[in-house]
Amino acid sequence: MKAQIDHQGERRTFVFTGIERVPIISEAVAYVFRTLAPDDVQLFPVTVEGEPRRYFIVNAVKAIDCIDEANCREVHHYTEEDPFPEYAGQYRWIYGLRIDPAKTEGARIFRPEKFKTALIVSEEIKAALERVGNLGVDFERVT
């Protein structure tokens with residue numbers, strides 16, 4: 001697989017692509033994922049245009065029904081009248097996402113079912129990623 005750089009700038013250790021929000025990570029971040037959450041992710045090598053270092057695409061293998069709608073700030077659902085009726089009932093967007101930790105089945109990295117835009121990581125993984133540094137992502141508490 002190959003990835004192109006659309007916006008020049010400082011190389012980061014963890015970024016999301018614009019389309020489909022695919023995570024691309026450095027070898028150091030891949031080490032964190034392999035070490036702390038080996039059963040939660042698949043890592044696929046990707047060649048990044050003009051970059052000699054190794055990068056990986058991350059696939060979170062678990063999608064968990066854990067969204068706590070009552071505590072989210074704002075929830076928007078697709079309806080059958082939307083341009084994509086096949087998504088009816090799924091989340092269009094969630095502001096102030098909140099999850100129920102009791103429903104996460106012990107996963108350390110996952111995507112919420114029906115809202116796969118979000119990539120959720122445990123506090124332990126967040127801390128390890130912050131130690132790697134140079135991240136192109138922000139963290140938001142969801143519990």
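The values are calculated or read from the model by the stated rules, or taken from the named source; none is laboratory data. Nothing here was measured: the structure is a model prediction, and the numbers come from that model. Virtual Cβ from ideal backbone geometry, glycine too; neighbours counted across all protein chains shown.
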Can you tell me how many residues within segment 97-119 are in a loop (DSSP other than H, G, I, E, B) and closer than 26 Å to Ile25 by Cβ? 14
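If we keep just the residues of segment 78-96 that are among the acidic types (Asp, Glu) and part of a loop (DSSP other than H, G, I, E, B), which is surrounded by the fewest Cβ atoms within 10 Å (Cβ to Cβ)?
The residue in question is Glu81.
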Quick check on my filter: what residues within segment 58-74 are surrounded by 17 or more Cβ atoms within 10 Å (Cβ to Cβ) and either over 20 Å from the mean Cα position of the chain (by Cα) or among the β-branched types (Val, Ile, Thr) (or both)? Val58, Ile64, Ile67
Please name all residue pairs, on different chains or six or more residues apart, with Cβ atoms under 9 Å, provided the first residue is in segment 15-37 and is at negative phi and at pLDDT 90 or above and the second residue is buried (at least 17 other Cβ atoms within 10 Å of the Cβ) and polar (S, T, N, Q). Ile25/Thr13; Ser26/Thr13; Glu27/Thr13; Ala28/Thr13; Val29/Thr13; Leu36/Ser122; Ala37/Ser122
Select from segment 17-57 the residues that are over 15 Å from the mean Cα position of the chain (by Cα) and under 19 Å from Ala107 (Cα atoms) and write down the one among them that is surrounded by the most Cβ atoms within 10 Å (Cβ to Cβ). Leu36
Within segment 126-143, considering residues that are in contact with a helix residue (DSSP H, G or I) (Cβ under 7 Å, 6 or more places away or on another chain) and assigned to a loop (DSSP other than H, G, I, E, B), the one surrounded by the most Cβ atoms within 10 Å (Cβ to Cβ): Leu135
All but one of (1) more than 24 Å from Val32 (Cα to Cα); (2) charged (D, E, K, R); (3) surrounded by fewer than 14 Cβ atoms within 10 Å (Cβ to Cβ); (4) within 15 Å of the chain's Cα centre (by Cα) hold for Glu123, so report the exception by its number. (1)
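Listed here are the residues, each with its yes/no results for (1) farther than 18 Å from Phe16 by Cβ; (2) in contact (Cβ under 8 Å) with a residue 40 or more places away in the chain.
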{"position": "Ile64", "(1), (2)": "yes, yes"}
{"position": "Glu74", "(1), (2)": "yes, no"}
{"position": "Pro85", "(1), (2)": "yes, no"}
{"position": "Ile99", "(1), (2)": "yes, yes"}
{"position": "Glu105", "(1), (2)": "yes, yes"}
{"position": "Pro112", "(1), (2)": "no, yes"}
{"position": "Lys116", "(1), (2)": "no, yes"}
{"position": "Glu123", "(1), (2)": "yes, no"}
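Within segment 53-69, is there a residue that is assigned to a strand (DSSP E or B), under 16 Å from Glu113 (Cα atoms) and touching a Gly at 6+ places or on another chain (Cβ under 9 Å)?
no
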